[in-house]
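Participant: I have a structure I would like to understand better, so I am pasting it below and will then ask my questions one at a time.
The values are calculated or read from the model by the stated rules, or taken from the named source; none is laboratory data. Bear in mind the structure is a predicted one, so any value in this text is a computation, not a measurement. Please note: Cβ atoms are built from the backbone with ideal geometry, for glycine as well, and neighbour counts cover all protein chains shown.
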């Protein structure tokens, strides 16, 4: 059933009854969970992906993604029920669907500008089969004005007129490791349409799958900005506290103590601290926060100063960590190019099995550039996966000169208690506040902490 122009209640009833067919373009870390949730609502969903292995695995009831609680079971149940299937034929999927959702990646090119080729390719495929009453939803995070200035003209190549079909931008805002929870109601879904009819139809769809409902925006550009600005806010906030950490190192004080004390005064009216500072760290990783600031800076004419400065600060943190290691080893009479260093924490953040833009990986690679012999450990990665990153899996502590904790500190207590005597140079560098400095020093370690100048 075509949803455009229908009342919300009828759209919701039709989805639950299986009368609305969906095509989801992109079965990656957010596309597959969304497709499975839509199928669970009662819809028939075709997932489109260019990877034949992903298509085959989903059609066999398997799940190509790991680290998403409940997803494998949901995919299996939906494929067994016949409500979810996958294909590499985007043309067929578009021709059969009433609602097409685009959730393909946008990566950065060499000059840090956004590469929209996957989005525009999917939209051109959809355009060739667009008919009156169809609704196209963009969930992929895109630069501001992309929906109206880039995607709408592509869809108009169908020969239809504006208003014959619907177009909405509804950004995915799920976190890795929590996709099902976030899609189904951790917070309201942001919905923006090129017109009121598109916004109403998209809102009705997400009201079915999101228990927290929807938040409608005035237009698609506003909805695009919601996703981009919240990521930029986090990047700037992290950069700010990372810069404070560097200042604390020079001043000979501990940034963790400063941050804790600064957050103590509370506003009586709200019960919230006047100041809420994040923790300093070795950088910012993942596919969102390090990437989306460039979507804005490459898309506007207004001079931006704070956003690029924050990116530079966060991108420089892995090099600063290596400087901490190198300086500490120098004081201990060791040259970095003659030492063995273990880096702990290669995934971009704890609990998420993904290494894209990982600070830990950047630290390890920079250490190698300095000539160090580098091994690595991450509790979420197998030895073979670590080798695929061109690093040596950790096999022993004997002969090590330094352990750098980026995160993943599950065994830090055991290290402090047992391994100082096994290392050639018992140096610990703590980038996340996981090491008990006093206990480590008592055990014979020399300790350095990011943001601590003592």
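Participant: Hey, any hits in the stretch 376-385 for a residue that's under 20 Å from residue 320 (Cα atoms) and modelled with pLDDT under 85? Write out each step before concluding.
Facilitator: Our first condition is that a residue be under 20 Å from residue 320 (Cα atoms); within the stretch 376-385, this holds for 376.
Now restrict to residues that are modelled with pLDDT under 85: none.
The answer is no, given that none of the residues of the stretch 376-385 is under 20 Å from residue 320 (Cα atoms) and modelled with pLDDT under 85.
Participant: Next up: Residue by residue through the stretch 68-96, note down the ones that are surrounded by fewer than 16 Cβ atoms within 10 Å (Cβ to Cβ) and in contact (Cβ under 8 Å) with a residue 60 or more places away in the chain. I'd like the intermediate steps shown before the answer.
Facilitator: Kept after step one, since they are surrounded by fewer than 16 Cβ atoms within 10 Å (Cβ to Cβ), are these residues of the stretch 68-96: 69-70, 73, 77, 80-82, 88-89, 91-92, 95-96.
Answer for the stretch 68-96, where residues must be surrounded by fewer than 16 Cβ atoms within 10 Å (Cβ to Cβ) and in contact (Cβ under 8 Å) with a residue 60 or more places away in the chain: 69, 70, 96.
Participant: Inspect all residues belonging to the stretch 204-226 and state whether any of them is in the same structural domain as residue 449 (by TED's automatic domain parsing), under 21 Å from residue 349 (Cα atoms), touching a helix residue (DSSP H, G or I) at 6+ places or on another chain (Cβ under 7 Å) and in a helix (DSSP H, G or I).
Facilitator: No.
Participant: Can you report the number of residues in the stretch 156-170 which are within 17 Å of residue 192 (Cα to Cα), out of contact with any strand residue (DSSP E or B) (no Cβ under 6 Å at 6 or more places or on another chain) and either buried (at least 22 other Cβ atoms within 10 Å of the Cβ) or at pLDDT 95 or above (or both)? Can you show your working first?
Facilitator: To start, the set of residues in the stretch 156-170 that are within 17 Å of residue 192 (Cα to Cα) comprises 162-163, 165-170.
From what's left, out of contact with any strand residue (DSSP E or B) (no Cβ under 6 Å at 6 or more places or on another chain): 162-163, 165.
Pick out the ones that are also either buried (at least 22 other Cβ atoms within 10 Å of the Cβ) or at pLDDT 95 or above (or both) and you get 165.
Summing the residues that are within 17 Å of residue 192 (Cα to Cα), out of contact with any strand residue (DSSP E or B) (no Cβ under 6 Å at 6 or more places or on another chain) and either buried (at least 22 other Cβ atoms within 10 Å of the Cβ) or at pLDDT 95 or above (or both) in the stretch 156-170 gives 1.
Participant: Anything in the stretch 112-164 that is free of Cβ contacts under 8 Å to residues at least 40 places away in the same chain, over 19 Å from residue 287 (Cβ atoms), in contact with a helix residue (DSSP H, G or I) (Cβ under 8 Å, 6 or more places away or on another chain) and not in a helix (DSSP H, G or I)? List them, or say none.
Facilitator: Within the stretch 112-164, 128, 129, 130, 136, 157, 158, 162, 163 meet the criteria.
Participant: Right, something else. Could you identify the single residue in 347, 431, 402 that is farther than 25 Å from residue 67 by Cα, surrounded by 17 or more Cβ atoms within 10 Å (Cβ to Cβ), touching a residue at least 60 places away in the same chain (Cβ under 8 Å) and touching a helix residue (DSSP H, G or I) at 6+ places or on another chain (Cβ under 8 Å)? Spell out the reasoning first.
Facilitator: Values: 347 fails: farther than 25 Å from residue 67 by Cα; 431 fails: farther than 25 Å from residue 67 by Cα.
Unique residue meeting the criteria: 402.
Participant: Additional query: Does residue 275 meet the test of being in contact with a helix residue (DSSP H, G or I) (Cβ under 6 Å, 6 or more places away or on another chain) and assigned to a strand (DSSP E or B)? Lay out the reasoning, then the answer.
Facilitator: Working: in contact with a helix residue (DSSP H, G or I) (Cβ under 6 Å, 6 or more places away or on another chain): yes; assigned to a strand (DSSP E or B): no.
Taking the combined requirement at face value, the residue does not satisfy it.
Participant: For residues that are loosely packed, with under 15 Cβ neighbours inside 10 Å, without any contact (Cβ under 8 Å) to a residue 40 or more places away in the chain and out of contact with any helix residue (DSSP H, G or I) (no Cβ under 6 Å at 6 or more places or on another chain), tally how many sit in the stretch 380-399. Can you show your working first?
Facilitator: So in the stretch 380-399, the residues loosely packed, with under 15 Cβ neighbours inside 10 Å come out as 382-384, 387-388, 390, 395-396, 398-399.
Those left that are additionally without any contact (Cβ under 8 Å) to a residue 40 or more places away in the chain: 382-384, 387-388, 390, 395-396, 398.
Checking the rest, the ones that are also out of contact with any helix residue (DSSP H, G or I) (no Cβ under 6 Å at 6 or more places or on another chain) come to 382-384, 387-388, 390, 395-396.
Selection size over the stretch 380-399: 8.
Participant: Let me ask something additional. For the subset of the stretch 236-294 comprising residues that are in contact (Cβ under 8 Å) with a residue 24 or more places away in the chain and farther than 23 Å from residue 407 by Cα, which member is surrounded by the most Cβ atoms within 10 Å (Cβ to Cβ)? Break it down into steps so the answer makes sense when it comes.
Facilitator: Restricting attention to the stretch 236-294, the residues satisfying the condition of being in contact (Cβ under 8 Å) with a residue 24 or more places away in the chain are 236-246, 248-256, 277-294.
Filter again for farther than 23 Å from residue 407 by Cα, leaving 250-252, 292-294.
Numbers: 250: 8, 251: 12, 252: 9, 292: 23, 293: 27, 294: 19.
Restricting to residues being in contact (Cβ under 8 Å) with a residue 24 or more places away in the chain and farther than 23 Å from residue 407 by Cα, the top hit is 293.
Participant: Looking only at helices (runs of 4 or more DSSP H) that lie completely in the stretch 1-99, which have at least 2 residues being more than 30 Å from residue 162 (Cα to Cα)?
Facilitator: Numbers: elements: 8-16, 31-40, 52-59, 71-80, 90-96.
In the stretch 1-99, the matching helices (runs of 4 or more DSSP H) lie at 31-40, 52-59, 71-80.
Participant: What about residue 252, is it out of contact with any helix residue (DSSP H, G or I) (no Cβ under 9 Å at 6 or more places or on another chain) and at pLDDT 95 or above?
Facilitator: Numbers: out of contact with any helix residue (DSSP H, G or I) (no Cβ under 9 Å at 6 or more places or on another chain): yes; at pLDDT 95 or above: yes.
Against the criterion (out of contact with any helix residue (DSSP H, G or I) (no Cβ under 9 Å at 6 or more places or on another chain) and at pLDDT 95 or above), residue 252 qualifies.
Participant: Go through the residues of the stretch 363-372 one by one and say whether even a single one is surrounded by fewer than 21 Cβ atoms within 10 Å (Cβ to Cβ), under 25 Å from the mean Cα position of the chain (by Cα) and at pLDDT 85 or above. So that I can check it myself, show each step before the final result.
Facilitator: The initial filter retains those residues of the stretch 363-372 that are surrounded by fewer than 21 Cβ atoms within 10 Å (Cβ to Cβ), namely 365-366, 368-371.
Okay, now just the ones that are also under 25 Å from the mean Cα position of the chain (by Cα), so 365-366.
Keeping just the survivors that are at pLDDT 85 or above gives 365-366.
Yes - at least one qualifying residue is present in the stretch 363-372.
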